[in-house]
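Working notes for the structure below.
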2 protein chains.
Amino acid sequence: MPPPPPESTADPVEELRDERPWESLAEMLEAGDAAGAARELADLSVEAQRLAMAHLSADSQATLVESLQPEDAAEVLEVLPEAQAVDILEDLPSETAADILEVLRGSTGSDFLREMDAEDSAAILAELDDPEEAEELRTRSGYEWDTAGGLMRSRLASFPETATVGDVLADLGENAETYADMDVQYVYVTGTEGVLRGVLRLRDLVMAPRPSPVSRVMIADPVRVKVSDDFESLRQLFDEKNYIGLPVVEEDGVLVGVITRQAVREATSEHQTEDFLHTQGILGGEELRSMPMAARCGRRLAWLGPNIILNLVAASVIAMYEDTLEAVIALAVFLPIVSDMSGCSGNQAVAVSIRELTLGLIRPTEYLRIVWKEGILGVVNGAVLGLLLGTIAGLWKDNVYLGLVVGGALCLNTILSVLLGGMVPLFLKRLKVDPALASGPILTTCTDMCGFFLVLNLASSVLSKLT
Amino acid sequence: MPPPPPESTADPVEELRDERPWESLAEMLEAGDAAGAARELADLSVEAQRLAMAHLSADSQATLVESLQPEDAAEVLEVLPEAQAVDILEDLPSETAADILEVLRGSTGSDFLREMDAEDSAAILAELDDPEEAEELRTRSGYEWDTAGGLMRSRLASFPETATVGDVLADLGENAETYADMDVQYVYVTGTEGVLRGVLRLRDLVMAPRPSPVSRVMIADPVRVKVSDDFESLRQLFDEKNYIGLPVVEEDGVLVGVITRQAVREATSEHQTEDFLHTQGILGGEELRSMPMAARCGRRLAWLGPNIILNLVAASVIAMYEDTLEAVIALAVFLPIVSDMSGCSGNQAVAVSIRELTLGLIRPTEYLRIVWKEGILGVVNGAVLGLLLGTIAGLWKDNVYLGLVVGGALCLNTILSVLLGGMVPLFLKRLKVDPALASGPILTTCTDMCGFFLVLNLASSVLSKLT
């Protein structure tokens with residue numbers, strides 16, 4: 001905890017609400033004073049920096065960051081949404097981007113590189129002064145973001161097996177500043193070629209005699225993860241035991257980083273956010289309104305395009321029953337209601353299935369459990385909703401058969417859609433397709449088709465009673 | 001990090017996939033061997049415990065937990081989803097629940113009590129042996145879960161101002177076991193009546209002369225939060241500076257707990273999950289399929305009921321144009337397509353607005369920004385989708401006017417729904433209504449109504465050309 005700033009008692013949030021920090025920045029940029037604008041940006045609070053950058057054009061963002069000292073630029077980029085920071089870096093001259101990359105903290109540099117176009121990232125890596133650092137960044141940005149290699153941080157305190165407790169304590173004391181922002185909880189011990197040998201707890205170190213070799217105090221052959229371990233296995237490992245952090249090794253056992261419980265938690269949270277955006281049809285990473293219009297339109301259309309086809313397929317059922325519809329035009333009022341309501345019921349089942357899969361409460365093979373648990377619920381809710389809508393329809397046209405047709409169709413379609421909604425995510429999970437992305441459109445198409453079919457088919461079977 | 005178990009190299013996850021741990025438990029319970037089943041449950045891995053409990057009936061869950069030693073029962077409850085743990089505790093005799101509550105770690109006890117029926121929680125609190133602990137739990141469960149009071153943990157290391165560095169170090173050494181699971185990063189210094197005076201960094205402690213009073217080493221008058229501080233202000237405070245943890249005080253300045261960055265992050269993640277479930281129509285906390293059927297049906301109907309009314313309102317527009325529809329029955333095919341597609345476009349805008357609000361990239365008053373940023377996008381995407389659907393409609397019935405009506409309606413309705421979808425979350429945020437919960441139904445109703453109206457109104461204005 002840094003010493004408290006004296007102004008901490010004022011409420012920075014309230015003050016901020018009244019400002020529009022991007023306006024003066026935009027004015028200064030317009031007047032050609034990029035350096036002045038950059039200085040002003042650097043002095044803003046994190047909250048105001050983020051808000052200001054979200055309101056400036058892509059060009060202005062790049063100009064501002066280019067005019068900042070690399071250290072200040074790195075600080076600004078670190079607080080922005082990742083997609084935005086990546087866009088800015090791509091817009092900068094590669095030398096400037098490389099200078100900033102060198103001072104980014106932890107794994108942020110490789111996180112950014114991973115998201116860039118291959119061409120841009122190669123150009124930036126070529127400008128790095130230190131070829132070893134470039135090589136490390138290249139390797140790390142090659143791991144998927146949610147694997148151990150992508151989530152680890154590589155700054156860690158490690159000592160050779162031959163060191164003594166006294167050596168380690170002395171080094172920790174002398175380099176306290178270096179270790180300060182590493183949140184050191186454990187110290188690692190390595191053998192020849194950097195192969196992981198053991199873990200030292202600070203508490204054990206402090207209580208051990210100074211001249212004893214660390215190999216006597218360390219926990220030998222500790223639990224470790226491989227750089228290639230995927231998110232699912234990491235989540236389960238940290239679930240299983242109360243680890244704070246685990247060492248990450250390459251295939252040959254060389255220690256290359258540390259993965260913390262917090263990093264795994266953050267990845268979980270990012271997966272959930274992704275799920276949320278995917279269910280709503282936002283693809284290809286997060287969208288921000290500061291992004292270029294063409295990219296935003298294109299990404300949204302990528303989801304809407306296939307959807308319109310699916311909608312046409314579903315609606316073609318209506319076209320097959322034009323005669324029935326012409327005879328009982330009131331049915332047209334209930335077609336969208338039945339399909340929408342079943343869609344809502346089905347989406348509830350989808351959400352519960354996705355959640356149970358994420359929490360590990362159900363396995364992707366348990367279709368029977370869904371049939372049982374959603375089936376009964378579908379019968380109850382279908383009956384309630386069908387009775388409600390059927391009564392309204394019957395009373396409106398004073399025709400009990402219309403009520404039976406509409407109510408019956410909604411009831412049957414509700415049962416069908418909760419069953420389907422419950423099972424589709426499990427099925428997609430087994431196919432290794434993202435359930436959040438595909439469940440909605442599949443479900444909606446099916447329930448629309450079935451809803452239209454049920455209403456119109458039931459109606460045509462009692463057509464004489466309806467007209 | 002606990003010493004690594006030797007079996008850690010085997011893959012527990014793969015092994016688990018082949019088992020159905022709940023089956024043998026259910027059999028033993030059926031045979032009346034609750035004690036044996038409880039022993040078996042206690043020996044399962046966390047992953048298997050969670051899966052097993054999710055598959056047992058509410059009665060079996062309660063019987064099992066009742067048969068466990070309080071310590072084991074606490075461990076099991078801690079790994080279950082909160083809603084499930086709360087249901088189990090409510091089903092237990094209050095004495096048993098109280099015994100378990102006494103050994104739950106950290107703030108878990110008050111988290112559970114907060115979610116219980118007032119009657120159940122009062123009965124359990126009355127059974128606690130230690131009236132002081134009961135009083136503390138009662139107070140803490142009274143805070144909202146996402147305030148500082150609800151998120152803090154109350155176990156912390158604090159010392160009076162009069163202590164010396166030597167005293168503190170000696171106490172930390174002697175009680176290492178007690179402090180072990182507290183993840184002590186800072187030590188707090190309190191004055192009379194427990195009022196917070198300062199914070200000590202362990203690093204400063206270690207380097208200070210032993211006889212000096214802690215008041216000389218501590219950071220005096222540190223940043224603190226009040227128990228009543230809400231989630232939004234906590235998130236912004238931790239955003240603003242790189243705090244690891246902050247002391248929590250009551251109104252009168254008495255130190256009552258510590259809130260960590262991690263607790264705030266977890267709350268953020270829980271808010272996001274809640275958003276996801278709310279957008280999909282799952283209300284009243286998380287639903288698990290192991291919950292009683294009546295509760296699950298009721299909660300889902302609570303969302304579906306109002307929705308059916310909104311659907312009726314929207315569809316009533318169709319009823320007003322029955323003549324037009326009767327004349328051009330093909331329109332019935334396009335009504336659901338236009339309303340569904342606009343709904344999808346609008347939901348994308350909703351998702352981006354909710355996300356930008358959460359990240360602090362937009363303020364709830366910036367309607368003009370939405371008009372600008374979503375308006376252009378709506379014109380582009382509306383034109384693309386309208387052209388596509390209009391062409392299909394025109395070709396199908398070989399009538400260019402049908403194409404113009406359908407395409408034009410989709411184009412206009414897309415513009416309208418992205419504007420509305422972008423603004424509704426901001427508007428609801430200002431009204432302090434949860435945007436995730438209410439945006440979808442409001443948007444869908446409006447876009448359905450407008451979609452139906454546009455198609456049918458445009459059609460009736462060129463009716464002679466369509467027939």
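Only the coordinates and a few stated rules stand behind these numbers; no lab work does. Just so it is clear, the model here is predicted, and its values are computed rather than measured. Note: ideal-geometry Cβ built from the backbone for every residue, glycine included; neighbour counts use all protein chains shown.
HN-Hα J couplings of region B:453-467 from phi, Karplus 6.51/-1.76/1.60, θ = phi - 60°, integer Hz, Gly and Pro as x?
4, 4, 4, 6, 6, 4, 4, 5, 6, 10, 4, 4, 7, 8, 9
Within region A:185-203, list the residues whose amide N lies under 17 Å from a label point set 7 Å along Cα→Cβ of A:T139.
A:190-197, by backbone N distance to the label point.
Using Cα-Cα distances under 8 Å and only pairs 6 or more residues apart, what relative contact order does region B:16-142 have, in percent?
Rounded, it is 19 percent for region B:16-142.
Can you check how the C-alpha radius of gyration of the protein assembly as shown compares to 2.2 N^0.38 Å, as a plain ratio? All intermediate terms of the calculation are to be shown ahead of the outcome.
Values: Rg = 30.6 Å, N = 934, 2.2 N^0.38 = 29.6 Å.
With N residues counted in the protein assembly as shown, Rg over 2.2 N^0.38 Å equals 1.04.
Please get the size of the charge dipole for region A:310-467, origin at its Cα centre, with Cβ charges of +1 on Lys and Arg and -1 on Asp and Glu, quoted in debye to the nearest 20.
600
Given the Cα atoms of region B:59-185, and with Rh set as the inverse mean 1/r over their pairs in the Kirkwood sense, what is Rg to Rh to two decimals?
Value, to two decimals: 1.04.
State, as an integer percentage, the relative contact order of chain A based on alpha-carbon contacts under 8 Å between residues 6 or more apart.
This gives 11 percent for chain A.
Amide H to amide H, which residues 5 or more places from A:V256 or on other chains are under 5 Å from it, using H placed in the peptide plane?
Here the answer is A:V248, A:V249, A:E250, since their amide H atoms fall under 5 Å of that of A:V256.
Bin width 10 Å, origin at 0, all Cα-Cα pairs of chain B: what percent of pairs per bin?
Histogramming chain B at 10 Å steps yields 4, 15, 19, 19, 17, 13, 8, 4, 1, 0 percent.
With +1 assigned to the C-beta of every Lys and Arg and -1 to the C-beta of every Asp and Glu, and no other charges, what is the dipole magnitude of the protein assembly as shown about the Cα centre in debye, to the nearest 20?
Around 3100 debye, computed over the protein assembly as shown.
Which residue, B:G32, B:L44, B:Q61, has the largest displacement toward the positive end of the dipole of region B:15-71 when charges sit on each Cβ (Lys, Arg +1; Asp, Glu -1)?
The listed residue farthest towards the positive side: B:Q61.
Averaged across A:268-277, how many Cβ atoms of other chains sit within 10 Å of each residue's Cβ atom?
5
Any idea what angle helix A:293-320 forms with the longest principal axis of chain A, computed on alpha-carbon atoms, 0 to 90 degrees, nearest 10?
Once rounded, the angle reads 20 degrees.
So if a site counts as exposed when it's one of the trypsin sites (Lys or Arg not before Pro), its DSSP state isn't H, G, I, E or B, and it has at most 13 other Cβ atoms within 10 Å, what's the longest stretch of chain B without one?
B:106-431
How far is helix A:21-30 tilted, in degrees, relative to the longest principal axis of the Cα atoms in chain A, given as a value from 0 to 90 rounded to the nearest 10?
It is inclined by approximately 70 degrees.
Using a simple spin-label model with points 7 Å from Cα along the Cα→Cβ vector, what separation in nm is obtained for A:V371 and B:D117?
Once both label points are built, they end up 3.5 nm from each other.
Based on the alpha-carbon gyration tensor of region B:293-466 and its eigenvalue square roots a ≥ b ≥ c, which shape applies: rounded if a/c is under 1.5, prolate if not and a/b is larger than b/c, or oblate?
Since a/c reaches 1.5 but b/c is at least a/b, the shape of region B:293-466 is classed as oblate.
Can you tell which of A:H278, A:A85, A:P209 lies farthest toward the positive end of the dipole of the protein assembly as shown, using +1 and -1 charges on the Cβ of basic and acidic side chains (Lys, Arg; Asp, Glu)?
A:H278
Please list the non-local residues whose amide H lies under 5 Å from the amide H of A:T164, H modeled 1.01 Å from N, same-chain partners needing a gap of 5 or more.
Residues meeting the criterion, in which the H sits 1.01 Å from N, are A:V214.
Between region A:420-460 and region A:30-95, how many Å separate their Cα centres?
Measuring centre to centre over Cα atoms gives 45 Å.
Spin-label point model (7 Å from Cα, Cβ direction): what's the A:D398 to B:D434 distance in nm?
Label-label distance for A:D398 and B:D434, simple model: 4.5 nm.
At 10 °C and 1.306 mPa s, grab the translational diffusion coefficient of region A:158-262 from Stokes-Einstein with a Kirkwood Rh over Cα pairs, rounded to a whole number in µm² per second. Provide the component values of the computation, followed by the final result.
Details: Rh = 14.4 Å.
Translational D for this selection: 110 µm²/s.
Charges at C-beta only: +1 for Lys and Arg, -1 for Asp and Glu. How large is the resulting dipole of chain B about its Cα centre, in Debye rounded to 20?
3480
Just report the Cα centroid separation between region B:334-410 and region B:150-177, whole Å.
Going from one Cα centre to the other spans 60 Å.
Starting from the Cα of A:K465, draw a straight line to each of the lysines and keep only those under 28 Å, dropping any in the same chain fewer than 8 residues away.
Output for A:K465: A:K397.
As a check on your grasp of the helix formula, calculate [θ] at 222 nm for chain B: sum -39500 (n - 2.57) over DSSP H runs of n ≥ 4, divide by the residue count, round to the nearest 500.
-21500 deg cm²/dmol
In nm, give the distance between the simple-model label positions of A:M320 and B:E251, each being 7 Å from the Cα along the Cα-to-Cβ direction.
Placing both labels 7 Å beyond Cα along the Cβ direction yields 6.8 nm.
If you restrict to DSSP beta bridges whose two residues both lie in the protein assembly as shown, what percentage is antiparallel, to the nearest 5?
The antiparallel proportion sits near 75 percent.
Out of region A:191-258, which GluC sites (Glu not before Pro) are coil in DSSP terms and have no more than 10 other C-beta atoms within 10 Å?
Answer in residue order: A:E251.
Throw me the Rg/Rh for region A:16-91, computed over C-alpha atoms with Kirkwood Rh, two decimals.
Values: Rg = 11.0 Å, Rh = 12.0 Å.
Rg/Rh for region A:16-91 comes to 0.91.
Where in region A:61-105 is the amide nitrogen less than 20 Å from a point lying 7 Å along the Cα-to-Cβ axis of A:A35?
A:61-74, A:93, A:96-97, A:100, by backbone N distance to the label point.
Set Lys and Arg Cβ to +1 and Asp and Glu Cβ to -1, take the dipole of the protein assembly as shown about its Cα centre, and tell me which of B:A170, A:A220, B:I362 lies farthest positive.
The Cα lying farthest towards the positive end belongs to B:I362.
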